[in-house]
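Reading through the structure tokens given below for one structure.
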Amino acid sequence: MQNTNFLDCVGKAHRSDSEIARLQTHIRETNLLSGDSDLVTHYESALATHFQMPHATAVSSGTAGLHATLAQLIQPGDEVLLPVIGVSMTAIAILAAGGIPVFYDCQPDSFKPDIDSLERFRSDKTRVLITVSMWGYPAIDSKIISYAKQSNLIVLEDTAQGFGTKHEGEWEGTRGQVGCFSTQEFKLLSTGEGGFVLTHDISLGQRIREFVHLGFSKKHMGFGHQMGLNYRLSGIQSSLGISQLEQAEDKIRIRQAKTQAWRDGLSSCKMAEMSQNLQFQHNGYALCLRMSGLKPGDAKMIRKELFDVGVHTDIHRYKQGLIHHFPFLSQYAHDARYKRNDQLDFPNSTQLMDELLTLPAHDGVSLISINTGVEKVLQVLNAW
Ligand SMILES: *Cc1c(COP(=O)(O)O)cnc(C)c1O
């Protein structure tokens, strides 16, 4: 019997024997296992070194990192731009920081913001532009950075899925003022739960670190000087993070081999890859192909058929649509600025969602299962 979800879109991260052995040693030898452990400090320096960034803060989740960052950047009532092709967590963090989410459209062939859309939807209350590197594809470039600078917008990169992608010679997550990563189990590096925040601005980095340490002030050596939350990453998770970071290049190479296997297997289908006109090095998070020439609604049915034969796509699995349709965000989606001639004005994102096929490349997916997956995809598409 074929396992009916043999190509799940998420899976448990692989842990090497040396990673587990090291964890045991760390547990035995460390002074503390809490968020005040030396292991956390080691992990943070390793992250800063890896990315050649002046400041890195380990946090308990990607969402916590986004919230801790936004809490430093906005006042309640300020607006934050985020893409309609994204995830709920970005919006959750905005709301938690008292901000108002304002949606924007992506470019026709990438997850980068469409600058016309930013220009139309921002107001004098907009402080932050969040870019989201969905499935590891680039979401920022030098044009967007200059636009943000001219418009007085701070750029926050949500790079939860973007670890290891390079575009214009630079890593995703190091280009805006701040980059927020997740190391939740299903992301490229996994500490079970966790994340980290990189920034070029050391004073911002220090404020983020104090916020995630319950407002503990280094300068005053005490609590109570400022608001904060307990968003610390533990020593145990930091041990895993140190090992995962050392394996990062291998992990990326393996994912790239898997996305390449999908690409090769499906090359006869003539599906365009996401962002195919950009020069970039993809981290292999997942493969995004575009099924063109379909009627609206076809893609949804194809993704459902694929799900039924065991090939799970993120979009079907998470009922991922444009995020302004999420019930908890609908009150922010009624703004008159989103409509032009009675049409919701996210044409590029709408079309993209009507075409996108996401194929998994995580640790739980084997090359053999990809071969079977390719056959299933070909069967479904050829019968369509
Ligand atoms: C996973 C993810 C998050 C949230 O990260 P957690 O560690 O699960 O809180 C935020 N943004 C994006 C794009 C994600 O993929």
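Okay, here's what the table says:
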item: By average C-beta atoms within 10 angstrom, highest first, the peptides 117-125, 54-62; result: 54-62, 117-125
item: FRET efficiency, 1/(1 + (r/R0)^6) with R0 45 Å, evaluated for Gln75 and Ala272 via beta carbons; result: 0.60
item: Qualifying trypsin sites (Lys or Arg not before Pro) for segment 213-311 [loop in DSSP, other Cβ within 10 Å: at most 12]; result: Lys218, Lys219, Lys270
item: Cα gyration tensor category, rounded, prolate or oblate, for segment 70-207 with a/c compared to 1.5; result: rounded
item: Spin-label model distance (nm) - Asn382 vs Glu119, 7 Å beyond Cα toward Cβ; result: 4.8
item: Ala333 paired with His50, simple spin-label distance in nm, labels 7 Å along Cα-to-beta-carbon; result: 3.5
item: Of the chymotrypsin sites (Phe, Trp or Tyr not before Pro) in segment 132-241, those whose Cβ has at most 15 other Cβ within 10 Å and which sit in DSSP loop; result: Phe223
item: Gln150/Ser217 FRET efficiency (R0 41 Å; Cβ-Cβ; nearest 0.05); result: 0.70
item: Cut-off 9 Å between beta-carbons: net charge of the residues surrounding Asp345, Lys and Arg +1, Asp and Glu -1; result: +3
item: Ranked by how many other beta carbons lie within 10 Å on average, peptides 353-360, 23-30, 78-85 from highest; result: 78-85, 353-360, 23-30
item: Selected from His225, His282, His167 as most flexible by GNM, with the chain as the system and alpha-carbon contacts under 10 Å; result: His225
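Every number in this text was worked out from the coordinates using simple rules, so none of it is lab data. Computed from a prediction, not measured in an experiment: that's the story for all the values here. Don't worry about glycine lacking a Cβ; one is built from the backbone with ideal geometry, like all the others, and counts go over all protein chains shown.
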